[in-house]
Amino acid sequence: MSWEDVSSHESEKLSPLLPPSPTTGMFKVKYHAQEQRDFQLHVDHTPVDLTLIMPHYRALRQPIGHKLSMDIRNRSAPTKLKVCRNLPLSKFHLEVFCDTSDVTIWIPSDFKGRIFHTGKATFSAGFVNKIMRNARINEPFAEPHPNEDDVFVHTKGHITFRMWDVGIRAPENAPKESLKRLFGCARRAPETAINWDFLIED
């Protein structure tokens, strides 16, 4: 399915009842009983650098098995998403659909569930150390798993998965996590070398 097909199809589902969605900064995701999505952001060529904060409580009338549903779509601009939570009570379903955008997603370290992505992805040291053992990569979404998280990423660009450390409530400490891997304290990513990008990042 092409970007034009998906963009046209999804534009029909956009809800006028959801609050305006920012493209940068922080946003607290809340349960919306009358909507298919709890958060949605559809842009074409706008860079996205967004921190999505999961609630630490279950909202009034929110079904016990409901996952907070987030839908982000971008055509070509870089897309960076940090999914943050303090407690694993807030299960989430994240869909990211882009055409050629490079996508980077920070996933909470207490993640447990399924991740499906197109093409090849890079996994940071923190992701491999804390998340890989609890993630089922590229398994089909054939059956619902209400007690697990779901992540779906589609893009022709590069995909990078990193870790949001729930212990320190911040993105992973890249040098520390890479040293853990060097000294054999954690698992190895499938078909992935250590990501040394932190040495050149500002």
Rounded to two decimals, the Debye log10 I(q)/I(0) of the stretch 7-139 (Cα scatterers, no solvent) at q = 0.13, 0.14, 0.17, 0.19 Å⁻¹ is -0.56, -0.66, -0.99, -1.24
Expressed in nanometres to one decimal, the distance between label points 7 Å along Cα→Cβ at L89 and R61 is 2.0
If the chain between T46 and N138 were fully extended at 0.36 nm per residue, the gain over the current Cα-Cα distance would be 30.3 nm
In nanometres, the difference between 0.36 nm per residue of separation and the alpha-carbon distance of I168 and K28 is 48.5 nm
Expressed as a percent, the portion of alpha-carbon pairs in the stretch 90-188 spaced more than 22 Å apart is 29
Here, chymotrypsin sites (Phe, Trp or Tyr not before Pro) of the stretch 111-190 satisfying both criteria (DSSP loop; at most 12 other Cβ within 10 Å) are F141, F183
Here the relative contact order (percent) of the stretch 29-149, from C-alpha pairs under 8 Å and at least 6 apart, is 24
In Å², rounded to a whole number, the accessible area per residue of the stretch 13-133 with probe 1.4 Å is 46
Share of accessible surface on carbon and sulfur in the stretch 76-194, whole %, 1.4 Å probe and ligands ignored, is 54
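Extension gain D102-L182, at 0.36 nm per residue separation less the Cα-Cα distance, in nm? Before the final figure, lay out each step's value.
Details: separation 80, 0.36 × 80 = 28.80 nm, distance 2.72 nm.
Gain on extension, D102 to L182, equals 26.1 nm.
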If amide H atoms are modeled at 1.01 Å from N in the peptide plane, then the residues at a separation of 5 or more from T122, or on another chain, having amide H under 5 Å from its own are I159, T160, F161
In order over the stretch 45-57: 3J(HN,Hα) from phi, Karplus 6.51/-1.76/1.60, θ = phi - 60°, whole Hz, x for each Gly or Pro, gives 10, 9, x, 10, 9, 10, 9, 9, 9, 7, x, 9, 8
Note, the stretch 154-171: 3J(HN,Hα) by Karplus (6.51, -1.76, 1.60, θ = phi - 60°), whole Hz, Gly/Pro = x, goes 10, 6, 8, x, 7, 10, 10, 10, 10, 10, 9, 7, 5, x, 9, 6, 7, x
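The values are calculated or read from the model by the stated rules, or taken from the named source; none is laboratory data. Nothing here was measured: the structure is a model prediction, and the numbers come from that model. Heads up, the Cβs are rebuilt from the backbone with ideal geometry, glycines too, and the neighbour counts pull from every protein chain shown. These area figures cover heavy atoms from the full protein model, side chains too; ligands, DNA and RNA do not enter into them. Shrake-Rupley method; radii C 1.70, N 1.55, O 1.52, S 1.80 Å.
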